[in-house]
Amino acid sequence: MNEKKVIGFVSDYDPFHNKVAWSGTVYKLREAVEMAGFEVRWIPYNTRLRNRLLDYSVMGWNFLIHSTNSWKYMPCRKRLMSRFHFRPLAKAWAKEIDKCPEIKKCDYLFFPRGAQIALFSKSGKPFVNVSGYVVPDMLGYYYHNITKKSKQMAIEMDAEAAQKAFVNIRSSKWANDGLLNYYHCDSSKCHILEFGPNIDTKDIKKGQTYNGGQLKILFSGVTWGRKGGNIAVKAVEKLRSNGIDAQLIVVGPKKLPKICKGKDYIDFIGYLNKNKVEDYNKYLSLYERAHIFLLPTKAECGAIVYSEAAAAGLPCYTYLTGGAGNYVVNGVNGFALPEGSSADAFADQILNDINTGRMPSLHEGALKLFNEHLSWEAWAKGFSKIMQEATA
């Protein structure tokens, strides 16, 4: 582009200072958009609702919203709803962004999530719709017990936002396929850009290539059950029964899982707040200590920890579920096993890679995949190209 265009970054969190929101992805996306050559202005919304508890009674549902720390799906007669796919809120937030003085200075609007708000904006600005999923794929996968009306509303709004977007960007082939298969979007407007790590690339040090001795396996995930923590523990036990001195490093959960109690081969780190310098440095040291990364997650749009592991050169082992296939490529930087594979299957794959001497090539493959696809630098380069082609 011959001149620097202005992008309005539409977010309920400050993308210039808040490094916690959406696990840090909002902050990193803003950095990447700037890296792509754009000037970024923050277009805030939800400012009037912040720090309040609202009770919306709509169509007989009691929809509670509490936003002191973060927005959550709240019970609605034992059903759940998404705030971004709830028309009254989307309309209210559209009015907020339209009143923002910065919006007049923008050439485009950029939604790191919640592009449904754009459906009700009167600004007329072309918008970029970024997400890691489409709603139909999430029902019964991430989201459960959704009311029939809520499902209908969510799908309709998600589809319309995708169809009207200037550019759609999804973080995996799985999510991009949803745009084409469910919403029949124009394929020329649909693109795949994987999310990078939510830690600074310059701070990431390479992990160790396994050459025998103690095998240090890193597990990182706050939600122990969904991330497959029990499977990881059982896989380590299987490796130990096969003569491998395997140690599992567990970071993320706030409480020690029951299955980990009394096991000296489990190094429980617990939850680390990356906004604290001490915790941040400790988190980085875990990748440096580890040989491989194990995350038998049951549902995943595309975990940023895959990108973090790739940056450290750690071979990854996970399930081929959701968007994981873009982040863990079989035989390149690890293996994504078929959904439903047992803990023994994970242990057997790791053991096979050790015995066949494949670990060094997986280490190098991880670094290469990171540089080409899983870094924010790669995201920025891809975004710049997409916008140039879209405006040509």
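Summary table below
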quantity: Evaluated over the chain, the Cα radius of gyration and Dmax, each in Å; calculated: 21.5, 65
quantity: Fully extended contour minus Cα-Cα distance, from LEU139 to HIS17, at 0.36 nm per residue; calculated: 40.6 nm
quantity: Order by protection proxy (mean Cβ within 10 Å, highest first), peptides 94-101, 106-113; calculated: 106-113, 94-101
quantity: Label-point separation in nm, TYR265 to ASN352, each point 7 Å along Cα→Cβ; calculated: 2.1 nm
quantity: Amide proton proximity set for GLN247, modelled H, under 5 Å, gap of 5+; calculated: LEU215, LYS216, ILE217
quantity: TRP224, TRP42, reordered so the largest accessible area comes first (probe 1.4 Å); calculated: TRP42, TRP224
quantity: Dipole of the chain [Lys/Arg +1, Asp/Glu -1 at C-beta], most positive-end residue of LEU119, LEU239, ILE169; calculated: LEU119
quantity: Rg/Rg_globular for the stretch 319-392, with Rg_globular taken as 2.2 N^0.38 Å and Rg from C-alpha atoms; calculated: 1.42
quantity: Lysines with Cα under 27 Å of LYS99, excluding same-chain neighbours fewer than 8 positions away; calculated: LYS4, LYS5, LYS19, LYS28, LYS72, LYS91, LYS122, LYS125, LYS164
quantity: Computed Rg/Rh of the stretch 3-49, alpha carbon atoms with Kirkwood Rh; calculated: 0.99
quantity: Per-bin percent of Cα-Cα distances, the stretch 252-311 [5 Å]; calculated: 4, 14, 21, 27, 23, 11, 1
quantity: Potential lengthening between LYS298 and GLU389 on full extension [0.36 nm per residue; Cα-Cα distance subtracted]; calculated: 29.1 nm
quantity: Value in Å of the Kirkwood radius, where the stretch 122-207 supplies the Cα pairs that are averaged; calculated: 14.5 Å
quantity: Accessible area per residue, Å², the stretch 169-261 with all protein chains present, probe 1.4 Å; calculated: 45 Å²
quantity: Kirkwood Rh in Å, taken over the stretch 93-141 so that all alpha-carbon pairs contribute; calculated: 11.9 Å
quantity: Percent RCO, i.e. relative contact order, over the stretch 241-392, from Cα pairs under 8 Å lying at least 6 residues apart; calculated: 16 percent
quantity: Ordering of 327-340, 12-25 by packing [mean C-beta count within 10 Å, highest first]; calculated: 327-340, 12-25
quantity: Separation of alpha-carbon centers, the stretch 11-25 and the stretch 233-267, rounded to whole Å; calculated: 33 Å
quantity: Electrostatic dipole magnitude of the chain [Cβ: Lys, Arg +1; Asp, Glu -1; Cα centre; debye, to 20]; calculated: 1460 debye
quantity: Counted charge near SER172, where neighbours are those whose Cβ lies closer than 14 Å (Asp, Glu -1; Lys, Arg +1); calculated: -2
quantity: Neighbourhood net charge (14 Å Cβ-Cβ; Lys/Arg +1, Asp/Glu -1) for PRO296; calculated: 0
quantity: Segment ASP245-GLU288, length gained on full extension (0.36 nm per residue, minus Cα span); calculated: 13.6 nm
quantity: Surrounding net charge for ILE354, when Lys and Arg each add one and Asp and Glu each subtract one, Cβ distance under 12 Å; calculated: -2
quantity: Burial ranking of peptide ranges 231-237, 282-288 (average Cβ count within 10 Å, highest at the top); calculated: 231-237, 282-288
quantity: Amide H contacts of LEU320 (H built 1.01 Å from N, under 5 Å, at least 5 apart or other chain); calculated: LEU337, GLU339
quantity: Candidate lysines for bridging to LYS148, where Cα separation is under 16 Å - those fewer than 8 sequence places away on the same chain excluded; calculated: LYS78
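The values are calculated or read from the model by the stated rules, or taken from the named source; none is laboratory data. Please read all numbers here as calculations on a predicted model, not as lab measurements. All Cβ positions, even for glycine, are placed from backbone atoms using ideal geometry, and neighbour counts span all protein chains on display. With ligands, DNA and RNA removed, areas are computed over all heavy atoms of the protein, side chains included. Shrake-Rupley method; radii C 1.70, N 1.55, O 1.52, S 1.80 Å.
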